[in-house]
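Asks: Please find one structure pasted underneath; my questions will follow.
Laboratory data are not the source of any read-out in this text; all were calculated from the coordinates shown. This one's a predicted model, so the numbers in the text were calculated from it and none came from an experiment. So basically every Cβ, Gly included, is an ideal-geometry build from the backbone, and we count neighbours across all protein chains shown.
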Amino acid sequence: MHDEKILKILRNNADTHTSSDELCKVTGVSRTAVWKHIEDLRREGYDIEASPHLGYKLVAIPDSLIPGEILWKLRTKIIGRSVLSYKKIDSTNDSAYALAEKGIAEGTVVIAEEQTKGKGRHGRKWESPPKSGIYMSCVMRPEMAPNEIAKITLLAAVAVAKAIRRFTGLEAMIKWPNDIIINGRKVCGILTEMKAEQDSIDFIILGIGVNVNTPAASLPKGASSLKEELGRPKKSDGISRVGFVKYMLESIEEEYLRLRTKGFTPIMEDWRSMSLLPGSKIKVLLPNRTIEGEAHDIDSDGSLIVRLDSGVLEKVSSGDVVMLR
């Protein structure tokens with residue numbers, strides 16, 4: 001708590017030094033205790049300058065996914081108001097799911113610097129190298145039927161694509177149902193899991209993995225990162241993960257509130273405008289068969305509509321899409 005108070009004071013006085021006496025007065029602790037808290041902050045990666053006569057000055061903040069950094073000036077009311085951060089975790093989705101079962105508040109975010117068992121769709125592994133990507137899961141409790149869960153997946157895809165465009169200027173596109181693509185390469189995956197009764201959802205876990213500064217050598221075939229797509233080879237030219245997380249959380253909340261107030265239609269229209277699929281020849285890999293045809297549209301519940309070669313329209317609620325041309 002005292003660490004946070006000291007950090008807030010140093011932030012608000014970033015252009016000058018803050019005396020030890022001032023920090024003691026605000027926190028109610030001794031000079032020795034202030035020094036110990038400063039050392040704790042330095043161990044977290046904060047660059048704090050100390051001057052015998054002037055006091056302390058915040059020089060630089062770490063690009064670490066620390067709750068205090070994510071919450072600093074975060075402009076949301078629901079999504080991300082509570083953040084649980086880990087240096088290493090098995091899976092943020094699994095952790096968020098367990099917390100949701102215990103009743104944790106909607107909007108709670110579990111985020112990690114590294115995952116050892118990151119989850120992709122259909123039981124695949126999501127590569128999660130340390131300190132380079134964003135691996136997070138958000139607890140959501142929407143009032144909707146279980147068969148509408150695809151709306152949350154598509155909502156998230158729209159939100160993340162918008163955040164990437166705003167933050168980097170890159171033309172992020174969406175590949176149904178859950179991939180964000182830039183220049184033909186995947187930079188983000190989205191995984192939604194839920195617990196539901198017959199006609200209502202208890203909660204949804206919205207998992208998002210973004211390759212931010214991940215080097216090409218650490219990425220699977222066909223994947224890329226925001227840094228790679230921006231052509232930033234040097235470590236010093238990395239993208240601020242903390243800054244981008246805030247953009248994502250704010251964008252997700254914007255779309256989530258829009259869903260509540262205006263329904264799914266506006267989100268569906270945005271999804272169409274950023275989709276790679278409409279008009280493309282595709283192959284959809286389903287559990288027991290494969291279909292080919294032209295990606296026609298998405299319907300009101302988020303399912304993909306494929307026009308088969310015979311002209312018949314087939315609705316697909318899940319599956320892997322391969323673009324043929």
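Asks: Which value in nm describes the separation of the simple spin-label points at L286 and K131, placed 7 Å from the Cα toward the beta carbon?
Replies: With each label point 7 Å from Cα toward Cβ, the separation is 4.7 nm.
Asks: What order do you get for 201-210, 80-89 when each peptide is scored by the mean count of other beta carbon atoms within 10 Å, highest first?
Replies: In descending order of packing, they fall as 201-210, 80-89.
Asks: I've got another one for you. Mind running the shape call on region 281-323? Use the C-alpha gyration tensor, a ≥ b ≥ c as the square roots of the eigenvalues: rounded below 1.5 for a/c, prolate if a/b tops b/c, oblate otherwise.
Replies: oblate
Asks: Follow-up. Jot down the radius of gyration and Dmax of region 137-207, Cα atoms only, both in angstrom.
Replies: Looking at region 137-207, its Cα Rg and Dmax stand at 13.4, 43 Å.
Asks: In nm, to one decimal, how far is the D202 label point from the V59 one, both placed 7 Å along Cα→Cβ?
Replies: Inter-label distance under the simple model: 5.1 nm.
Asks: Next up: Would you kindly calculate the translational diffusion coefficient of region 2-60, applying Stokes-Einstein with the Kirkwood radius from alpha carbon pairs, for 20 °C and a viscosity of 1.002 mPa s, and quote it in µm² s⁻¹ without decimals?
Replies: It diffuses with D of about 195 µm²/s by this estimate.
Asks: Principal axes first, then extents: for the Cα atoms of region 67-123, list largest minus smallest coordinate on each axis, whole Å, largest first.
Replies: For region 67-123, the Cα extents along the three principal axes come out at 35, 24, 18 Å.
Asks: So, with +1 on the Cβ of K and R and -1 on the Cβ of D and E, and no other charges, what is the size of the charge dipole of the chain about its Cα centre, to the nearest 20 debye?
Replies: So the magnitude is around 660 debye.
Asks: Here's something else I'd like to know. Would you list, by chain and number, the lysines whose Cα falls below 16 Å from the Cα of K195, excluding same-chain residues fewer than 8 positions away?
Replies: Within reach: K102, K151.
Asks: Measuring from label point to label point, each 7 Å out along Cα→Cβ, what is the E22 to E101 span in nm?
Replies: 5.0
Asks: Here's something else I'd like to know. Quick check: convex hull over the Cα atoms of region 145-293, volume per residue in Å³, rounded to an integer?
Replies: Dividing the Cα hull volume of region 145-293 by its residue count gives 138 Å³.
Asks: Using 1/(1 + (r/R0)^6) with R0 = 56 angstrom and r between the beta carbons of I305 and D47, what's the FRET efficiency to the nearest 0.05?
Replies: Once rounded, the FRET efficiency stands at 0.55.
Asks: Over 22 Å between Cα atoms: which of K131/K227; K57/K87; K36/K246; K73/K186 fall into that group?
Replies: Result: K57/K87; K36/K246; K73/K186 exceed 22 Å.
Asks: Highest mean first, how do 130-139, 57-66 rank when packing is the count of other Cβ atoms within 10 Å averaged over residues?
Replies: Taking the mean over residues of other Cβ atoms within 10 Å, the ranking is 130-139, 57-66.
Asks: With an 8 Å Cα cut-off and a minimum separation of 6 or more residues, compute the relative contact order for region 281-323 in percent.
Replies: Rounded, it is 39 percent for region 281-323.
Asks: What label, among [x] 22.1, 82; [y] 73.7, 227; [z] 20.0, 61, belongs to Rg and Dmax of the Cα atoms in Å computed from the structure on display?
Replies: Identified label for the calculated read-out: [x].
Asks: Region 266-303: which trypsin sites (Lys or Arg not before Pro) are DSSP loop and have at most 10 other beta-carbon atoms within 10 angstrom?
Replies: Sparse-neighbourhood loop trypsin sites (Lys or Arg not before Pro): R289.
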